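Here the structure comes first, spelled out in structure tokens, and everything after it is commentary.
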Amino acid sequence: MSAISVTKETGAAGAAHSATPPGTRRILGIDPGLRLTGFGVIDQDGQQLRYVASGVIRVPDGELPARLSWIFAQVRELIDTYQPAQCAIEKVFVNVNPASTLLLGQARGAAITALARDGLPVSEYSALQIKQAVVGYGRANKAQVQQMMVRLLRLPGVPGQDAADALACAVCHAHGAQLLGTLEGAQHAALGGGLAKRGLRLRRGRLVQT
């Protein structure tokens with residue numbers, strides 16, 4: 001049995017493909033976990049979002065180093081399969097059990113290492129940020145996130161919780177990129193290209209040297 005359980009949906013946008021259509025940006029979202037790591041892949045074309053695939057990486061029982069190595073290898077397989085341009089991952093939520101938080105953080109580190117190995121840009125979002133971006137309420141429950149993924153990505157079925165969280169992470173990243181693009185365009189128009197003339201540009205909301 002494959003370690004990666006993948007769901008591909010046709011939805012209203014058409015059949016899903018592993019290759020990125022021209023003019024689109026592919027985003028891989030990851031919801032890290034030491035037992036199940038969710039993933040979601042979407043394509044962004046302007047303001048349009050298209051579902052590609054989602055599912056979970058099932059991590060076998062065993063010693064911690066072997067489990068972390070498994071997560072790393074399976075995330076690498078996802079990258080090879082779907083060829084994302086950007087990645088987004090959920091931050092660790094510090095709960096009342098420090099040991100569980102530490103283990104989750106290590107699983108997350110294995111996934112981030114796999115994502116960053118070839119220089120892929122990786123953005124990080126808290127659960128509150130993700131829920132606020134996709135549901136409009138930072139304390140939304142998992143069922144609300146699942147239903148919003150069905151609506152936003154026009155899915156014919158409800159994704160599992162881990163897959164839905166990963167898709168929501170990818171959608172959150174896409175929405176943030178749209179907002180920054182709008183802000184950068186407005187800033188450029190207001191200043192008449194003055195930023196570029198001074199060797200500056202906006203990057204993730206900050207002014208940086210070009």
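Considering (1) modelled with pLDDT under 95; (2) touching a Lys or Arg at 6+ places or on another chain (Cβ under 7 Å), the lone condition that Gln86 does not fulfil carries the number (1).
Scan the range 90-103 and give yes if some residue there is surrounded by fewer than 19 Cβ atoms within 10 Å (Cβ to Cβ) and modelled with pLDDT of 95 or more, otherwise no. The answer is no, given that none of the residues of the range 90-103 is surrounded by fewer than 19 Cβ atoms within 10 Å (Cβ to Cβ) and modelled with pLDDT of 95 or more. Restricted to the range 85-159, the set of helices (runs of 4 or more DSSP H) holding at least 1 residues that are in contact with a Ser or Thr (Cβ under 7 Å, 6 or more places away or on another chain), within 15 Å of Gly38 (Cβ to Cβ) and in contact (Cβ under 8 Å) with a residue 24 or more places away in the chain comprises 98-116. Residues of the range 28-71 being closer than 12 Å to Ala3 by Cβ, touching a helix residue (DSSP H, G or I) at 6+ places or on another chain (Cβ under 6 Å) and either in a loop (DSSP other than H, G, I, E, B) or free of Cβ contacts under 8 Å to residues at least 60 places away in the same chain (or both), which ones? The answer is Ile57, Val59, Ile71.
Screening Gly138 against (1) touching a strand residue (DSSP E or B) at 6+ places or on another chain (Cβ under 7 Å); (2) farther than 21 Å from Ile57 by Cα leaves a single unmet condition, (1).
The values are calculated or read from the model by the stated rules, or taken from the named source; none is laboratory data. Computed from a predicted model, the values in this text were never measured in an experiment. All Cβ positions, even for glycine, are placed from backbone atoms using ideal geometry, and neighbour counts span all protein chains on display.
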